[in-house]
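Written below as structure tokens is the structure these notes are about.
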Amino acid sequence: MRREQAEEKVIDAAGSEGGERRKTLFHGGVLSAFGQRNYAVLWSGAFISNIGTWVQSAALLWLVKVVFKSNSLVGAVNMANFLPVLFIVPFVGFFADRYNRRNIILIGQTVMMLGALALGIAASFHTDSKAVILLTVSVIGIAFAFNFPAWQAILPDLVPRSDLMNAIALSSAQWNLARFVGPAIAAVVLAVWSAPVAFYVNAASFLFVIAAVLMVHPKYSAVPPPTQSIGRDVLEGWKYVWRRKWMVNLLVALAFVSFFGFSFLVLIPAMAKDVLHRGVTAYTVMLSLLGLGAVIGAPLVTYLGKRYKEREIIKVCMLAFGLLLLAYSVVRVFWLSCFISVGLGLMFMMVGTTSNSVLQGCSDRVMRGRVVSFYIVTFIGVAALGGQFMGYLADARSTPFALAIGGIACILSAAVLILFPGLIRLAVTPKEPRVFESAERPAYQPDQDFCEF
């Protein structure tokens, strides 16, 4: 009898200890958002799908670089994929506020899956001309532009407000972990099979995220459709951001860094092939290490976000990114470029995640989709334009020259924010949510030390 009681105590103690570890890990820890089933399911499906996306992206950019031998065309393909973000997202963010976000995501993922399948079929039958590639990736880009605001805006519907930054950080980590795994798989696919197989792998991967979305049931009901016109919805979103001058300042700085800095991704093939004189293996390793750096940044940004204000993290990481990009432009040793790649991925992730988190955390739910659309435009759409510019600059001068210009521009942007702290002084997520009756707000008040105004 005593032996049974002793065993029960041991079991209880072990269970209690495991429960405490689980509580620490999933409640207030670096994986706190995973404590929500809906978020964990969506994260898992998206991770598999994004691995496929990076398999396709790595294979496509390398294929274009090798076949057409043009950095400008690599930039053009990247721009075709993300340019719709620049022109469409500002006017479709309201869809994520007006309609069911889950359904929007399902439609967008299905169209992107069909686009990947079409790209694979075209490549299999050797009809993958410049026009076909540009047209197909443009269609995928349009679907992405409609899908992404809803994807970003649904995250706060899946987790408590206290876990929002962690949810965004883990989503960024998932995307970048896929960027770490995807290019490695692409290297094997390109070595053993061919580019069309990479496109088919991506098409199949969309089935997982579609299944995950079907399994997700957000805790909060969709916002009832308003009676006002679509045009008024869009205009209201612009006014909402314009009244918050710190949002405008942050988005302008982010756009500048995206154009000159984050666009460096299109130059990775040229860096590997033309500067370091390596092949596809080196290219995929460098691309993967960018993802590894971002994965490392996910728990780090959650940790720092609890100890420092978002505005400070943004400034420091922008400056560090510029310095690393400048170093990238002068390196000629492969292992050293790999080391810098990890740092670039880390800073890239921390700037994007922190900016996204503070913009969402300071926005009303009924306006969140429209606010997120501005972030997407500056972080992704402007980077696509910058990629085209950087590609032309690399062809006209050299890849190191283009990277150096990008690094200097990022350093200058960070310097402005550091020297003029008032520009984004209010970029701090409030500890407690503030609820308003409508989207209309009082005028901007610079003397208040929280982000609502």
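Since every read-out is calculated from the coordinates, none of them should be taken as a lab result. The model shown is predicted, which means the values in this text are computed figures rather than measured ones. A quick note on method: Cβ atoms are made from the backbone with ideal geometry, for glycine too, and the neighbour counts reach across all protein chains shown.
Charged neighbours of Tyr283, selected by a Cβ distance under 14 Å, balance to +3 (K, R count +1; D, E count -1). In a fully extended conformation the segment linking Ser194 and Leu214 would gain 4.0 nm over its present Cα-Cα distance, using 0.36 nm per residue. Cβ-to-Cβ counts within 10 Å put Ile340, Ile121 in ascending order as Ile121, Ile340, the fewest first. Fewest neighbouring Cβ atoms within 10 Å first, the residues Arg244, Arg102, Arg368 line up as Arg102, Arg244, Arg368.
Each of Leu134 and Val248 was given a label point 7 Å from its Cα along the Cα-to-Cβ line. The distance between the two points is 3.6 nm. For Ala272, neighbours were defined as the other residues whose beta-carbon sits under 13 Å from its Cβ, and their charges (Lys and Arg +1, Asp and Glu -1) total +3.
For segment 364-416, which chymotrypsin sites (Phe, Trp or Tyr not before Pro) pass both filters: DSSP loop (anything but H, G, I, E, B) and at most 14 other C-beta atoms within 10 Å? Intermediate results must be reported in sequence, preceding the final value.
On the way: sites: Phe374, Tyr375, Phe379, Phe389, Tyr392, Phe401; in loops: none.
Passing sites in segment 364-416 do not exist.
Estimated from the Cβ-Cβ distance and a Förster radius of 25 angstrom, the FRET efficiency linking Arg332 and Lys306 is about 0.05.
Where nothing but the Cβ of Lys and Arg (+1) and of Asp and Glu (-1) is charged, how large is the charge dipole of segment 293-342 around its Cα centre, in debye to the nearest 20? Numbers along the way, then the final one.
Working: 6 positive and 2 negative charges, 29 e Å.
Using Cβ point charges on Lys, Arg, Asp and Glu, segment 293-342 gives about 140 debye.
Of the chymotrypsin sites (Phe, Trp or Tyr not before Pro) found in segment 240-318, those that fall in a DSSP loop while having at most 14 other beta-carbon atoms within 10 Å are Tyr308.
Summing +1 for each Lys or Arg and -1 for each Asp or Glu, what net charge is found among the other residues whose Cβ lies under 12 Å from the Cβ of Leu73? Could you put the intermediate results ahead of the total?
Values: positive: Lys65, Lys69, Lys130; negative: Asp395.
Within the 12 Å Cβ shell, the charges total +2.
Computed from label points 7 Å out along Cα-Cβ, the spacing between Thr127 and Tyr392 is 3.2 nm.
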